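The values are calculated or read from the model by the stated rules, or taken from the named source; none is laboratory data. This is a predicted model, so every value here is computed, not measured. All Cβ positions, even for glycine, are placed from backbone atoms using ideal geometry, and neighbour counts span all protein chains on display.
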Amino acid sequence: MNLDKLKTHAYVNGQWTSAASGKTFQVFNPATSEVIASVPDMDREDVRKAIDAADAAWHHYRDLTAKERAAIMRRWFNLMIEHKEQLAYIMTIESGKVMSESQGEVVYGASFIEWFAEEAKRTYGDVIPPHANDKRLVVIKQSIGVVAAITPWNFPLAMITRKVGPALAAGCPVVIKPPSETPLTALYISQLAEEAGFPAGVYNTITSSQSSETGKELCENPKVRKLSFTGSTSVGKILMSQCSSTLKKLSLELGGNAPFIVFDDADLDEAVKGALVSKYRHNGQTCVCVNRLLVQDKVYDEFVEKFTSAVQALKTGNVLATDVQVGPLINEKGLKKVQEHIDDAVAKGAHITTGGKKLEGLFFQPTVLSNATTEMIIAHEEVFGPVAPIFRFHTEQDAIQMANNTEYGLAAYFYSKDVSRCWRVAEALEYGMVGINEGLISTEVAPFGGIKESGFGREGSKYGMDYFMEMKYMCFGGIR
Ligand code: NAP
């Protein structure tokens, strides 16, 4: 596989374009530290031009019928699936995500385009029984306007499609600012979007390493009517305050601190499988990755033993090999955080049952810590790496209290065979999403999102489109 066909310019107003300053920045392969490509380093003025282009395209695009928009989206979906291997390759070399997971992300990411192409035709309004005989009351839904999307590196494709799927279906042009670590996947799907036939200005991708400057323009420009952000809680808070000047509509998909509770009536082998896939997906670098394993007294030792041997069987190494499950961390900062969390936990009494050491480059051994306690940093902060701390609890109430003791509220998981307990615990967990006897919960057909400091808004599902539409109430008077 090669990068010959990959365009390394930004895509604005239907043109492949450089930064006005002529500046570029480099993109690295985290598995080898090699430079893969250079892309335009756009500034605030470049972003303004992209927003102007999107705004100019809005009126024509929103007037297409839903069926016409859906047809373009369906072509784009087909192209992504057709180019699955090439897309997965690009994603793997720029993000360090292992090949099998990248292939999975292409299918997952593309599914949002297929789903919302179908939903485009179902943005129904309402007819309300009137309060007076001479009136008729109707509600319609209309596209919100230009949508800005700022996305993270851990899902280089799916975090874009989860936002632009509903936006494009609703009739909104988009300006996408992918992360500086993984702009190439974003550019490749822009090529496919061009081929699918979006009108000029409807689909724009700007590349930049000056994220705070470009972010300010996306937040403060009044032509942008909606900002959808996925990333850290700290950056989400900055964006929210910047958006206040224009009272811009916002969706924030932020950090998590997912608990994974194993009750003593659980099927332990299933719980081990669920925890493994949820913890070590993309090397622990997803927002819904397990951050804390909470295991009940009676099964604690047995679970630690079984989970440790399952983790020891994980294969780390060449990210392009289809049988490798664990790749590198994204950067030095990520690696340092992993080491700091382990050092802190060990100093406070945790025991390393496997792993614990840095490997070559940005690779780190998949690690399990037993005897974890709530005094440790890892109990409160997202580790975003391959470290699984295992905490002990006594009663169901203890588990719920420990699980909820965080400012985050994105995803939670638990394993139990008791149906009453399943309902009780699922209802008591203060999270936007709960996996019950299940470690993988993401799908385009269900609402994805968090509560508390994990953000607000939902992506995917029949609810996803509403965040890109305004409701308009029309009152017809004088009806006789
Ligand atoms: P991040 O540092 O917040 O970056 C996310 C995006 O924001 C990137 O495009 C980044 O650009 C940009 N950015 C950074 N500072 C900015 C600023 N001051 N103004 C405007 N834009 C700015 O997060 P990350 O490290 O890439 O991603 C990991 C985080 O995302 C984790 O906390 C994870 O839990 C969260 N996440 C949440 C979800 C969810 O659905 N809830 C999904 C995936 C990830 P540059 O890279 O160019 O700086």
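The set of residues from the range 82-104 being within 11 Å of Pro328 (Cα to Cα) and out of contact with any strand residue (DSSP E or B) (no Cβ under 9 Å at 6 or more places or on another chain) comprises Thr92, Ser95, Gly96, Lys97. Considering only residues that are out of contact with any helix residue (DSSP H, G or I) (no Cβ under 9 Å at 6 or more places or on another chain) and aliphatic (A, V, I, L, M), look in the range 423-450 and name the one that is nearest to Phe116 (Cα to Cα). Here the answer is Ala446. Within the range 224-247, being over 16 Å from Pro178 (Cβ atoms), of a type in the set (S, T, N, Q), within 13 Å of the ligand (Cβ to nearest atom) and touching a residue at least 24 places away in the same chain (Cβ under 8 Å) holds for Thr233, Gln242.
Conditions (1) surrounded by fewer than 19 Cβ atoms within 10 Å (Cβ to Cβ); (2) on the phi > 0 side of the Ramachandran plot; (3) aromatic (Phe, Trp, Tyr), marked per residue:
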| position | (1), (2), (3) |
| --- | --- |
| Phe391 | no, no, yes |
| Ala403 | no, no, no |
| Ala411 | no, no, no |
| Lys417 | yes, no, no |
| Cys422 | yes, no, no |
| Leu429 | no, no, no |
| Asn437 | yes, yes, no |
| Leu440 | yes, no, no |
| Pro447 | yes, no, no |
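Taken together, the criteria exclude Met80 from residues that are assigned to a loop (DSSP other than H, G, I, E, B), out of contact with any Asp or Glu (no Cβ under 8 Å at 6 or more places or on another chain) and surrounded by 19 or more Cβ atoms within 10 Å (Cβ to Cβ).
The rows are residues; the columns are (1) within 16 Å of the ligand (Cβ to nearest atom); (2) part of a helix (DSSP H, G or I).
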residue: Leu168; (1), (2): no, yes
residue: Cys172; (1), (2): no, no
residue: Val175; (1), (2): yes, no
residue: Ser180; (1), (2): yes, no
residue: Ala186; (1), (2): yes, yes
residue: Ile189; (1), (2): yes, yes
residue: Leu192; (1), (2): no, yes
residue: Glu195; (1), (2): no, yes
residue: Asn204; (1), (2): yes, no
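Annotation note: of Ala31, Ala88, Ala56, the sole residue that is of a type in the set (Gly, Ala, Ser) and surrounded by fewer than 20 Cβ atoms within 10 Å (Cβ to Cβ) is Ala56. Given the condition more than 28 Å from Tyr108 (Cβ to Cβ), among the basic types (Lys, Arg), away from the ligand (no atom under 16 Å from the Cβ) and surrounded by fewer than 24 Cβ atoms within 10 Å (Cβ to Cβ), answer yes or no: does some residue in the range 454-470 qualify? Within the range 454-470, none of the residues are more than 28 Å from Tyr108 (Cβ to Cβ), among the basic types (Lys, Arg), away from the ligand (no atom under 16 Å from the Cβ) and surrounded by fewer than 24 Cβ atoms within 10 Å (Cβ to Cβ). Taking Ala403, is it part of a helix (DSSP H, G or I), under 23 Å from Glu302 (Cβ atoms) and either modelled with pLDDT under 95 or of a type outside the set (Lys, Arg) (or both)? So Ala403 fits the description; yes.
Cβ-Cβ distances below 9 Å connect the following pairs, each with a first residue in the range 343-370 that is assigned by TED's automatic domain parsing to the domain that holds Pro389, a second residue that is of a type in the set (Lys, Arg), and a separation of six or more residues or different chains: Phe364/Lys357; Phe364/Lys358; Gln365/Lys357; Gln365/Lys358; Pro366/Lys279; Thr367/Lys357; Ser370/Arg392. Number of residues in the range 424-453 that are within 14 Å of the ligand (Cβ to nearest atom) and part of a loop (DSSP other than H, G, I, E, B) equals 11.
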